[in-house]
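Below is one structure; the comments refer to it alone.
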Amino acid sequence: QVHLVESGGGMVQPGGSLRLSCAASGSDFTIEHLSWFRQAPGKQRESVAAITSRGSTAYAVSVKGRATIFRDNTPNTVYLQLNNLKFEDSAVYYCNAGGTLGSGPRRFDTWGQGTQVTVSS
C-alpha cells in the first residue's frame, strides 16, 4: 500500500503564496507520476499540475506562470508552490500518485485526503 499525505494548506490573502507538500509512504514502491488536483465546492475536480519521474511537468492554464511543481532531496515528496493566489484558487487540493509496487508488474494509483487552500481578504 502507498499512502499520500498532503500538507501546507491554509488561508492566504490574494496575491499571497503557499507551498503544498505531498509525502508518499509505504514499502517498496516507485512513483512514476504525481499530480495535484483541486476541487472547489460545487465544481468538478480538476488537474492543476503534474510531474513525472523524469522531471517532466505540466500545468493547467489557470495556474501556468503562478504554480511550480517540484521535488527536492526529500524522498518521495513533491511540492506545489502557488504564487499570486487568486480567490478562484480556493479549493481542496489533492495529490494523486501512480507507479509500481516492488519490481512490478503490480501497480498502484492512490489519492491523498486533501488540504484546504482558502484565498480571502
* To do: Kindly rank 91-97, 62-68, 50-56 from highest to lowest mean number of other beta carbons found within 10 Å of each residue.
  => 91-97, 62-68, 50-56
* Structure fact -> Rounded to the nearest 5, the percent of DSSP beta bridges in the chain running antiparallel is 95 percent
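Which percent of the accessible area of region 20-121 is formed by carbon and sulfur heavy atoms (probe 1.4 angstrom)?
Answer for region 20-121: carbon and sulfur cover 47 percent of the accessible area.
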* Asked: So what's the chain giving for Cα Rg divided by 2.2 N^0.38 Å, two decimals?
  -> 1.05
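The values are calculated or read from the model by the stated rules, or taken from the named source; none is laboratory data. In this text the structure is predicted, and so the values were computed from the model without any measurement. Every residue, glycine as well, gets a Cβ built from its backbone with ideal geometry; the counts of neighbours run over all protein chains shown. For accessibility, only protein heavy atoms count, side chains too; no ligands or nucleic acids. Shrake-Rupley method; radii C 1.70, N 1.55, O 1.52, S 1.80 Å.
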